[in-house]
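The values are calculated or read from the model by the stated rules, or taken from the named source; none is laboratory data. Here the structure is a predicted model, which is why all the values come from computation and not from measurement. FYI the Cβ positions are ideal-geometry reconstructions off the backbone, even for glycines, and counts take in every protein chain you see.
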Amino acid sequence: MAAKFTGTGVALVTPFHKQGTIDFGSLENIIEHTISKGVDYLVIMGTTGEAATLSKDEKVALINYVKDVVNKRVPLVQGIGGYNTQEVVNSLGNADLDGIDAILSVTPYYNKPSQRGLYLHYKHIASACPVPIILYNVPGRTSVNMKPETTLQLAAEFENIVAVKEASGNFGQIMEIIRNRPKGFLVISGDDALTMPLIAAGADGVISVVANAYPKAFSKMVNAALKGQLEEARRLHYLLLPFIDSLFADGSPGGIKAALDVMKIVPNNLRLPVVKVGKATQSLISGLITELKDKGIEF
């Protein structure tokens, strides 16, 4: 089961109309764009998808629409997490997980739980979740870091905890998990810019933002790294790296939506408190798309 999540997953954006409603036509565009260009699975209802700004009814409508369009062509991961453990468990009980291959569950944020609190949080989720669980450690957003010993304990004790998306940026921490993980447990990069070196160190792939825009090139880089073809992986990594950096210059998902708008795939509309990137960053992103095209990297 965990092997479904090797390679390139895409943290899918949620397109909006100018008036703020979900743009389902553009949602189909981005789904077809990513699947047709070779990504391995899609992740919905995450940070990049602006899930925190969606109502319950909108979430249900979006999930059902994505299931219908994807039609089981690739595995589908749904973000279900939060700082209220019981509410997460309740959400699992109320969710229609038919057609969902795993959930991605972020560490509790804001209240900064201890490592024991993190362990117990995921223990309760694991006991209630009927599908595999991908842990998500992103201390830059949550203000709490799940240490390797906690991740490894969860991986060892719960069969349905199959992977971790690691976005701590701490190579020592991530390599400790890779070195000591149980057989079959995946370590997935949560940072596009670090994906190539992390795969070289033994990671299994990525849940990517940039693959919304460049699914073919980024998947090719990931696959080359997984096959040990590091010269080709490095070539693509360094070609894409300036563009990757530009996507986060004014915050995400503002950057990726600016890029997708230039590409005429998804309009550049966001929901507050997320806003469009500044003019300088917009110009930088547009220029880098042109440079990549001149270098043979098509979107």
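Quick check, is GLY287 of a type in the set (Gly, Ala, Ser) and surrounded by 15 or more Cβ atoms within 10 Å (Cβ to Cβ)? First the steps, then the outcome.
Working: of a type in the set (Gly, Ala, Ser): yes; surrounded by 15 or more Cβ atoms within 10 Å (Cβ to Cβ): no.
No; evaluated as a whole, the condition is false for this residue.
For the stretch 161-176, which residues satisfy the criterion of being under 23 Å from GLY79 (Cβ atoms) and over 19 Å from the mean Cα position of the chain (by Cα)?
GLN173
Quick check on ALA61: is it part of a helix (DSSP H, G or I), among the small types (Gly, Ala, Ser) and within 30 Å of PHE218 (Cα to Cα)? Steps first, please.
Details: part of a helix (DSSP H, G or I): yes; among the small types (Gly, Ala, Ser): yes; within 30 Å of PHE218 (Cα to Cα): yes.
Criteria met by ALA61.
Please determine, by comparing only the residues of the stretch 226-275 that are charged (D, E, K, R) and closer than 29 Å to ASP204 by Cα, which one is surrounded by the fewest Cβ atoms within 10 Å (Cβ to Cβ). Let's see the steps before the verdict.
So in the stretch 226-275, the residues charged (D, E, K, R) come out as 227, 231-232, 234-235, 245, 250, 257, 261, 264, 271.
Imposing the further condition that a residue be closer than 29 Å to ASP204 by Cα reduces the set to 227, 231-232, 234-235, 245, 250, 257.
Details: LYS227: 11, GLU231: 7, GLU232: 14, ARG234: 16, ARG235: 13, ASP245: 14, ASP250: 18, LYS257: 28.
Only one residue fits best here, namely GLU231.
Please count how many residues of the stretch 144-176 are farther than 15 Å from PHE5 by Cβ and among the β-branched types (Val, Ile, Thr).
4
Can you name the residue in the stretch 1-33 that is over 19 Å from ALA225 (Cβ atoms) and of a type in the set (S, T, N, Q) and, of all such residues, is farthest from the chain's Cα centre (by Cα)?
Across the stretch 1-33, the extreme among qualifying residues is GLN19.
What is the residue count in the stretch 83-97 for residues that are buried (at least 18 other Cβ atoms within 10 Å of the Cβ) and of a type in the set (Gly, Ala, Ser)?
Count: 2.
Output the number of residues of the stretch 1-41 satisfying the condition of being part of a helix (DSSP H, G or I) and either touching a residue at least 40 places away in the same chain (Cβ under 8 Å) or surrounded by fewer than 20 Cβ atoms within 10 Å (Cβ to Cβ) (or both). Talk me through it step by step, then tell me what you get.
So in the stretch 1-41, the residues part of a helix (DSSP H, G or I) come out as 2-5, 24-36.
Within this subset, residues satisfying the condition of being either touching a residue at least 40 places away in the same chain (Cβ under 8 Å) or surrounded by fewer than 20 Cβ atoms within 10 Å (Cβ to Cβ) (or both) are 2-5, 24-30, 32-36.
Adding up the residues that qualify gives 16.
Which ones in the stretch 184-243 are closer than 25 Å to THR47 by Cα and among the small types (Gly, Ala, Ser)?
Answer for the stretch 184-243, where residues must be closer than 25 Å to THR47 by Cα and among the small types (Gly, Ala, Ser): SER189, GLY190, ALA193, ALA203, GLY205, SER208, ALA211, ALA213, ALA217, SER219.
Scanning the stretch 168-204 for residues that are touching a Phe, Trp or Tyr at 6+ places or on another chain (Cβ under 9 Å) and of a type in the set (D, E, K, R), which turns out farthest from GLY140 (Cα to Cα)?
ASP204
For the stretch 124-137, state whether one or more residues are closer than 25 Å to ASP40 by Cβ, β-branched (Val, Ile, Thr) and touching a Gly at 6+ places or on another chain (Cβ under 6 Å). Can you show your working first?
So in the stretch 124-137, the residues closer than 25 Å to ASP40 by Cβ come out as 125-126, 129-137.
Checking which are β-branched (Val, Ile, Thr) leaves us with 125, 131, 133-134.
Okay, now just the ones that are also touching a Gly at 6+ places or on another chain (Cβ under 6 Å), so none.
No.
Report yes if VAL277 is touching a Ser or Thr at 6+ places or on another chain (Cβ under 6 Å) and on the phi < 0 side of the Ramachandran plot, otherwise no. Talk me through it step by step, then tell me what you get.
On the way: touching a Ser or Thr at 6+ places or on another chain (Cβ under 6 Å): no; on the phi < 0 side of the Ramachandran plot: yes.
No.
Report whether or not LYS165 is at pLDDT 95 or above, among the basic types (Lys, Arg) and closer than 21 Å to ALA52 by Cα. Walk me through how you get there before you give the answer.
Numbers: at pLDDT 95 or above: yes; among the basic types (Lys, Arg): yes; closer than 21 Å to ALA52 by Cα: yes.
So LYS165 fits the description; yes.
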